[in-house]
Amino acid sequence: MDPAPLVDIHNLFLYYSSRSGPVQAVDDLSLPIFPGRAVGVLGESGCGKSSIPKAILRLLPSNVARYEGRIWMDGLDIMGLGEEQFRRQVRWVKISLVAQAAMNALNPVARIGRQVEEALLAHGLTSKRQAGERIRQVFAHVDLPEDVIQRYPFQLSGGMRQRAVIAMALVAEPRLVILDEPTSALDLLTQANIMNVLKRIKRDRKTSFMFITHDVGTCSELADTVAVMYAGQLVELAEAASFFRHPLHPYSHKLMASVPRLYGDQELEPIPGRPPSLIDPPAGCRFRTRCDQSFSRCTQTPPLLTTREGGRARCWLYETEAVQT
């Protein structure tokens, strides 16, 4: 029997208000995250994927137009918690975040050790004296030397700053860590080292990850499951081994065809057109204006259909073979 999800997201919406109308950043997202596994959230820039951690952790801007849904964790709908309850019981102690741009996530005038221990002290998880030992442990996990505790962010390389931010996310031992483009702006060798750190943490600590990226290659390194976002909607959800061998949704096909392969002489294919506006997306299937397989049915909004192979795709092409779930 399959394990129960660690986090189970149901019908999550996050819209932002703007002068031109609501921006549909996260539109009716339902997504399970299982213990000890990594979900790779893949999509082009502007598809709404970076709004998912904002919605999960309630890191909301002032211009929210719509925010609703249910997020279950340990049998509790955490969306129903008050703000103070959520801060004490969930944010950083059960679910933490590695934000984009490590330098921007760090306080430039505070030592690294002080920033890493903050979550422990703010939640009363340990004493000031015990915090030092916990920091040394988590630094060992992310391959940072102990002397980084006394350094400032500007004294670290880009890769070391990224590891420090990962250490901040791990220090309170959350069960789910959300990684938002954790390898962007890093050189290839540093990216590979960071990915090795994350894979070791996942293996040794059984930590669950949500890995948000536009990079198919790094997604394939860590993800057990792939969730493809397009124009604010989840358009495909599949096991990683199946997805990278045989993507289902036409957008996923185009996404994979635009990535260089190490072997073979497959010609790269660009994705035609531009992503639609999240203020006024096309009616029906949101990819239909760029899709070479669209037909009359695509003017109606497709549900997320489950195929015989077990994958799920928001595409009418799978209507005849869809199975009931």
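The values are calculated or read from the model by the stated rules, or taken from the named source; none is laboratory data. A quick note: this is a predicted structure, and the numbers were derived from the prediction, not measured. Quick reminder, even Gly has a Cβ in these numbers, built from the backbone with ideal geometry, and neighbours come from all protein chains shown. Only protein heavy atoms, including side chains, enter the accessible area calculation; ligands, DNA and RNA are left aside. Shrake-Rupley method; radii C 1.70, N 1.55, O 1.52, S 1.80 Å.
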Could you pull out every one of the aspartates and glutamates with an alpha carbon less than 15 Å from that of K199, ignoring same-chain neighbours closer than 8 positions? D143, E221, D224
Under the rule a/c < 1.5 gives rounded, and otherwise a/b versus b/c splits prolate from oblate, where does segment 126-193 land using the Cα gyration tensor? oblate
What whole-number value in Å² describes the accessible area per residue of the chain for a 1.4 Å probe? 48
Amide H to amide H, which residues 5 or more places from V98 or on other chains are under 5 Å from it, using H placed in the peptide plane? I178, L179, D180
In terms of Cα to Cα distance under 27 Å, which lysines are near enough to K254, apart from those fewer than 8 places away along the same chain? K49
What is the antiparallel percent of DSSP beta bridges lying wholly in the chain, to the nearest 5? 60
How about segment 174-272: which GluC sites (Glu not before Pro) there are in a DSSP loop, with at most 14 other Cβ atoms within 10 Å of their Cβ? E267
Quick note, segment 150-230: a/c under 1.5 would make it rounded; otherwise a/b > b/c is prolate and the rest oblate (a ≥ b ≥ c, C-alpha gyration tensor); here it is oblate
Using the Karplus curve 6.51 cos²θ - 1.76 cosθ + 1.60 with θ = phi - 60°, what ³J(HN,Hα) values do you get for each residue of segment 230-238, in whole Hz, with x for Gly and Pro? 8, 6, x, 10, 7, 10, 7, 9, 8
Relative contact order for the chain: what is it in percent, counting Cα pairs under 8 Å that are at least 6 residues apart? 20
Evaluate the relative contact order of segment 157-293 (contact order divided by residue number), counting alpha-carbon pairs under 8 angstrom at least 6 apart; express in whole percent. 16
Where in segment 233-310 are there chymotrypsin sites (Phe, Trp or Tyr not before Pro) that are in a DSSP coil and have at most 15 other Cβ atoms within 10 angstrom of their Cβ? Y263, F295
Where the accessible area of the chain is counted over protein heavy atoms with a 1.4 Å probe, how much of it, in %, is carbon and sulfur? 50
By a straight-distance test (C-alpha under 23 Å), which lysines pair with K206 as possible cross-link partners, with residues fewer than eight away in the same chain excluded? K94
What do you get for trypsin sites (Lys or Arg not before Pro) in segment 248-323 restricted to DSSP loop and a cutoff of at most 10 other Cβ within 10 Å of the site's Cβ? R261, R308
For T301, list long-range residues whose amide hydrogen, built 1.01 Å from N in the peptide plane, is under 5 Å from its own amide hydrogen. G284
Using helices alone, I'd like the mean residue ellipticity at 222 nm for the chain: each DSSP H run of four-plus residues gives -39500 (n - 2.57), total over residue count, nearest 500. -8500 deg cm²/dmol
Amide H contacts under 5 Å for D28, placed H, 5+ residues apart: L12, F13, L14
Give me a comma-separated list of calculated 3J(HN,Hα) values for segment 15-20, in order, Karplus coefficients 6.51, -1.76, 1.60 applied at θ = phi - 60°, integers in Hz, x for any Gly or Pro. 10, 10, 7, 8, 5, 8
Could you tell me which of rounded, prolate or oblate describes segment 235-325, using a ≥ b ≥ c as the square roots of the eigenvalues of the alpha-carbon gyration tensor, with rounded for a/c under 1.5 and, failing that, prolate when a/b is larger than b/c and oblate otherwise? oblate
